[in-house]
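Participant: I have a structure I would like to understand better, so I am pasting it below and will then ask my questions one at a time.
The values are calculated or read from the model by the stated rules, or taken from the named source; none is laboratory data. Here the structure is a predicted model, which is why all the values come from computation and not from measurement. In this analysis, Cβ positions are derived from the backbone assuming ideal geometry, glycine residues included, and neighbour counts consider all displayed protein chains.
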Amino acid sequence: MSHEDDASYKTLFAAPEVVRDLILGFIPDAWLHRLDYRTLERVSGSYITDDLRDRADDIVWRVKVGGEWVYLYLLIEFQSTVDAWMAVRIMTYVGLLYQDLIRQKQALPKRRLPPVLPIVLYNGDGKWTAKTNIADLIPKIPGLLAKYLPQMEYLLIDEHRYEIAELAKMKNLVAAALRFERPDSAASLMELIDLLNEWLEDNPELKRIFAIWIRAMVRRHSQNRLVLPKVRDLQELKMTLTDRFETWARQYEQQGIEKGIEKGIEKGIERGIEKGEALLLQRLLARRFGPLPRDLVARIGSATTKQLECWGDRILDATSLEEVFRA
């Protein structure tokens, strides 16, 4: 994930309403759902280790339980690519968090430590293949040593496990964010902005935060070819996107890329998404199988969205280019 994407995601999940909706909508646990999320409080996620090097989590919160401050920390680690050693990183983060609590004299009474819920929010293209428990990274052995092997698991939330139709039924800010990541047209993107604007009618600050995040998301989906000025709220963002998509569509039409009756916004974004998918497929194939033949690059460039999706689905299991492009 680029620096801009990473920063925009952190800004989004710095809002307590978004963290609340993540838990209520995507973590099936009755006890967590009963907590009072009006008491959510952001906690510094930066710690100094004993050798004085800076280390930082992404997002850390605490919530009040049973009328008292009992520290339930939510560690949200944003990933757009699979990290095989994520379980090790999470164990390190939690250890640093506990060290900091002890140093700041914020441990629970009777020298106890608070529970921690580590969350990895994954928005990459391929399937998450990394182990979620550090114990699964260590060979099983008999005898006394087996008793002392570490055990720690993180909760994986994979965006692509959720169907758009399922997300559309939820009045949930995180569900809306996941739908923004997979727009099928400019029209649906505008409808989502209107819906979010309605939900957040009394929350101008959260409107501003979502506008920042959506702008970064659209730039990423356009391979940073869509130049967008900074915006202050959702309505301003919608007006800006409408203007840019119309200009983008006209440019493609003038170049002879798109012809026909249907013009305007949907032509621009549909062709933009298609070209972006073609470039992504080329990069993934080159990383997996090496430099691509010129005729194959041309074939990908002229493919339909359906063909690109079919070839993209085959990359993970194919052992050769021939298997990817079989009839």
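Participant: From the list 211, 186, which one is touching a Gly at 6+ places or on another chain (Cβ under 8 Å), of a type in the set (Gly, Ala, Ser) and surrounded by 15 or more Cβ atoms within 10 Å (Cβ to Cβ)?
Facilitator: Only one candidate passes the filter, namely 186.
Participant: Let me ask you something else. Could you give me the residue pairs with C-beta distances under 8 Å whose first residue belongs to the range 162-175 and is not assigned by TED's automatic domain parsing to the domain that holds residue 27, whose second residue is surrounded by 12 or more Cβ atoms within 10 Å (Cβ to Cβ) and hydroxyl-bearing (Ser, Thr, Tyr) wherever it lies, and which are 6+ apart or on separate chains?
Facilitator: Every condition considered, the pairs that remain are 175/162.
Participant: Now, a different point. I'm checking my understanding of the structure. Among residues of the range 70-93 that are among the aliphatic types (A, V, I, L, M) and at pLDDT 80 or above, which one is nearest to residue 113 (Cα to Cα)?
Facilitator: 91
Participant: Looking only at residues that are among the hydroxyl-bearing types (Ser, Thr, Tyr) and part of a loop (DSSP other than H, G, I, E, B) in the range 304-324, which one is nearest to residue 126 (Cα to Cα)?
Facilitator: 319
Participant: A follow-up question, please. Quickly run through the range 303-327 and pick out the residues that are at pLDDT below 80 and farther than 26 Å from residue 82 by Cα.
Facilitator: Within the range 303-327, 327 is the sole residue that qualifies.
Participant: Could you list, in sequence order, the residues of the range 64-105 that are over 24 Å from residue 138 (Cα atoms), of a type in the set (Asp, Glu) and surrounded by fewer than 19 Cβ atoms within 10 Å (Cβ to Cβ)?
Facilitator: Across the range 64-105, the qualifying residue is only 68.
Participant: Let me ask something additional. Determine if the range 89-105 includes at least one residue that is under 20 Å from the mean Cα position of the chain (by Cα) and in contact (Cβ under 8 Å) with a residue 40 or more places away in the chain.
Facilitator: First, pick out the residues of the range 89-105 that are under 20 Å from the mean Cα position of the chain (by Cα): 89-90, 93.
Among the residues that remain, those that are also in contact (Cβ under 8 Å) with a residue 40 or more places away in the chain are: 90.
Yes, the conditions are met somewhere in the range 89-105.
Participant: Please pick out the residue among 5, 50, 57 that is under 27 Å from residue 169 (Cα atoms), modelled with pLDDT under 75 and not β-branched (Val, Ile, Thr).
Facilitator: 5 is the lone residue from the list that is under 27 Å from residue 169 (Cα atoms), modelled with pLDDT under 75 and not β-branched (Val, Ile, Thr).
Participant: Sort through 130, 135, 146 and tell me the only one that's modelled with pLDDT under 90 and in the same structural domain as residue 23 (by TED's automatic domain parsing).
Facilitator: Residue meeting the stated conditions: 146.
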